[in-house]
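So the structure is just underneath, and the comments pick up after that.
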Amino acid sequence: MIEVENLGKTYVEEPVVRDLSFFVPEGQVLGFLGPNGAGKTTVMRMLTAFLPPTTGRVVVAGVDLDKDPVALRRNVGYLPENVPLYPEMRVDEYLRFRADVEEVPRAEVRERIDDVAEQCLIADVSRQVIGTLSKGYRQRVGLAGALIHRPPVLILDEPTVGLDPNQIIKVRELITGLGRDHTVLLSTHILPEVEQVCERVFIIDRGRIVADGAPDALRTKLVGNPTVAVELAGADGAATEALQRLPGVVAVSEQGEGHWLLEHGPDADPREAVFHLAVEKGWVLLGLSPEKATLEDVFVRLTTREEVAVVERAEEVSHA
Amino acid sequence: MRKTWAIVRRELIAYFSSPLAYIVMTAFLLMQGYIFYLIVSFLNNPQTPAMTPLRLFFGGTIFFWLFLLFVVPVITMRLIAEERRSGTIEVLLTSPLTEAQVVVGKFLAAMVFYVFLWLPTVLYVLVLMRHSEIDLGPVLAGYVGVLLLGFLFLAVGTFASTLTDNQLIAAIIAFAVMVVLFSIGLVEQLMMSSGLKAALGYMNLWTQMDDFSKGIVDTRHVVYQLSVGVLFLFLAAKSLEVKKWR
C-alpha cells in the first residue's frame, strides 16, 4: 500500500530524513515512534504530497508521488499534527467543505457526512461551531474530515496529543476500528499507544529507521528474554542452582540477599515451577513478579545511544 | 470548478462570521453616504458647474482612493496568511487541490465580498434616478471601473497574503504595493522625458478611473488592470508552491 525507497529530505544542507526505505502492506496499522525532531512529521508530509522529497521514491496505493501528486492525495486521508480546523465553521459545514474539495461524488455527500459523523462520534455536535468544541471533539472532527473520501491510506500525525485519558481511549478505539479497512500510519511518542494500537512499529531517530517490527518481536529482539523477579526467605546457597534447573529458565542471577532474577524463554512461564520448588524445599515465597521489558526500554535504548547503528530489522510482520 | 467554489463558499462563511466584515461594510456605507450627500447638495446648488455628479462616486473624491487603499488589504490579509498560521493550509494542500485553485478560490471570495460592498450604492443611483435625469452609460462604465480596480487591488492583496503567516504584515505589504501602483500615475507630473511621462501616464490609475466615470471604457485601461491583476494571481500561486517547501 505504501512503498518508500531511499526517501530523503534535506533542509538547507541539514538532512532531516536520510535514506528511508520501507513497505507497508494493505490493512496494516503502523506506528511511527521517535523522539521530537526525529523526522516523523517530515516523512508524513512527504507521504501526503505536501512536501516534495529531496531524494527517493514514494508510491501510495499504486500512485507514484513524482508522476501525479494530486492523484496520490486522493488516496490519502491526512490528519496533521495539532489538528488544524476552521474555528468559525460549523461541524457539518466543515465536513461539507472537505467532501467538496476531496471530490466526494455530489450524490453521496450527505450520506458520507452522516457516516463519518457517526463513526467518529460527533453526530451530536454537527451544528456546533468548531471553535467552541472541546479538544477531544475537535480531534474527532479532524479525523472525520480525513475519512470523508474513504481513502485507502490514513496518515495521522500524533492523533492523541493533548487529550484527556478518556478521550485518548475513544480515539484509540476509533483508530483500531479504522485499521480494519484502512492502511493506517500514525506517529506518536506515547509508547503504550503503539503497543495497544499498532501491529508494527518503526522507531525513527535522526531521520533513520532504527528498528522495525511487531511490538512484541521488537521487545524480545532488542531487550532480550523476559524475566521474573523472585524473592525467597530461608533459601540456602543452593537456591541459585535449583532455580537454574527449572524448565524454561535460561539464566539466573542473584540480586542480593533473598532476591533472584530468572531469565526465561519467551513462551515459558516458570512461576508455577518456582512455587512448587519453594514448597518442596520449605522456602517461604515472598515475591514472584514477571518483569516484562517495555517498549519504553527499547525506545530509550535505541534513541539515546551516542551513534545509533541501524539495528537489523526484526522479522517482517506476517500480515502481508 | 466545484473545488474552487467550495473554497469561495468557505471563505465567505469566514468573512461573515468575523466582525471585521461588518466594520468594513459600515465604514464603506458611511463614506458612500457622505459622498451621496455631496452629490445631492451639488444638484441643489444652482451655481454648480455643469458636470455629471455621479462621477463623484467613482474615484472623483480622495475618499474613494483612501478607502480602497486601506480596505482592500483588510479584505485580503486573512486569505492565505491565516491558513498558514493555523496550519489548515496543510489540509488544503494535501487534498486534491492545486495551488492555483486555492489562490483563485480565495481571490474570488474576496471579489464577491467587494461586490457585496458596492451593492448598496445601486440604491443611491435609483434614488437619484427618481428625482433627476441620470445618464446611465457613465454609471455603468463607472461600475466597470470599480470592478476592474477591485480585481487589480484584490489580486495584489491575495499575493501579499501568501508571503507571510502574519495577517498584519500581509496587510502592510499589500498596502505598500498598492500605494506604489497608485502613485506611479502621480509621479507622471514630475517626469521630464516625454516617453517616460507617456509610459507612466498609461499606468495612471486615477485618470483611468476618471475615464471610466466619464463613461469611457478604454480597452487599454481594461487590459492594463486585468493583466496586472492576473500577474499578481500567478505570483500568488507560485509563492504558495515555493513557501510550502520550507
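The values are calculated or read from the model by the stated rules, or taken from the named source; none is laboratory data. None of the values given here were measured: they were computed from a predicted structure. All Cβ positions, glycine included, derive from the backbone under ideal geometry; neighbour counts span all protein chains shown.
Figures for the structure shown
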item: Residues being more than 9 Å from chain A (Cβ to nearest Cβ) and more than 22 Å from B:Ser18 (Cβ to Cβ) - total across region B:83-100; result: 2
item: Among (1) at pLDDT 90 or above; (2) outside any helix (DSSP H, G or I); (3) buried (at least 22 other Cβ atoms within 10 Å of the Cβ) - the single one B:Pro96 does not satisfy; result: (3)
item: Those residues of region A:13-49 which are of a type in the set (Asp, Glu) and either in contact (Cβ under 8 Å) with a residue 40 or more places away in the chain or over 16 Å from A:Arg208 (Cα atoms) (or both), in sequence order; result: A:Glu13, A:Asp19, A:Glu26
item: Residue satisfying condition, being at the interface with chain A (Cβ under 9 Å from one of its Cβ atoms), closer than 24 Å to A:Met89 by Cβ and either at pLDDT below 95 or assigned to a helix (DSSP H, G or I) (or both), within set B:Ile75, B:Ile80, B:Ile13, B:Ile23; result: B:Ile13
item: Residue check for A:Val24: among the hydrophobic types (A, V, I, L, M, F, W, C) and over 17 Å from the mean Cα position of the chain (by Cα); result: no
item: Filter result for the condition that a residue is under 25 Å from B:Ile216 (Cβ atoms) and either surrounded by fewer than 21 Cβ atoms within 10 Å (Cβ to Cβ) or at pLDDT 95 or above (or both), over B:Leu108, B:Leu126; result: B:Leu126
item: Qualifying residues in region A:3-40 (those that are among the small types (Gly, Ala, Ser) and assigned to a strand (DSSP E or B)) - the one nearest to A:Val184 (Cα to Cα); result: A:Gly31
item: Selection from region A:41-77 of residues that are small (Gly, Ala, Ser), part of a loop (DSSP other than H, G, I, E, B) and crowded, with 22+ Cβ neighbours inside 10 Å; result: A:Ala49
item: Some residue of region A:40-49 being modelled with pLDDT under 90 and over 23 Å from the mean Cα position of the chain (by Cα); result: no
item: Qualifying residue in region A:78-100 (condition: at the interface with chain B (Cβ under 8 Å from one of its Cβ atoms), surrounded by fewer than 16 Cβ atoms within 10 Å (Cβ to Cβ) and part of a helix (DSSP H, G or I)); result: no
item: Where A:Leu20 falls short, out of the listed (1) hydrophobic (A, V, I, L, M, F, W, C); (2) more than 12 Å from chain B (Cβ to nearest Cβ); (3) out of contact with any helix residue (DSSP H, G or I) (no Cβ under 9 Å at 6 or more places or on another chain); (4) buried (at least 20 other Cβ atoms within 10 Å of the Cβ); result: (3)
item: Scope region B:19-50; condition under 30 Å from B:Val104 (Cα atoms) and in contact (Cβ under 8 Å) with a residue 12 or more places away in the chain; matching residues; result: B:Leu20, B:Ala21, B:Val24, B:Met25, B:Ala27, B:Phe28, B:Leu29, B:Met31, B:Gln32
item: Criterion (more than 27 Å from B:Ala141 (Cβ to Cβ) and within 14 Å of chain A (Cβ to nearest Cβ)) met by exactly one of B:Leu240, B:Leu196; result: B:Leu240
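Residue-by-condition table, conditions (1) within 14 Å of chain B (Cβ to nearest Cβ); (2) crowded, with 19+ Cβ neighbours inside 10 Å; (3) free of Cβ contacts under 8 Å to residues at least 40 places away in the same chain:
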residue: A:Gly145; (1), (2), (3): yes, yes, no
residue: A:His149; (1), (2), (3): yes, yes, no
residue: A:Leu154; (1), (2), (3): yes, yes, no
residue: A:Leu163; (1), (2), (3): no, yes, yes
residue: A:Ile168; (1), (2), (3): no, yes, yes
residue: A:Val171; (1), (2), (3): no, yes, yes
residue: A:Asp181; (1), (2), (3): no, no, no
residue: A:Val184; (1), (2), (3): no, yes, no
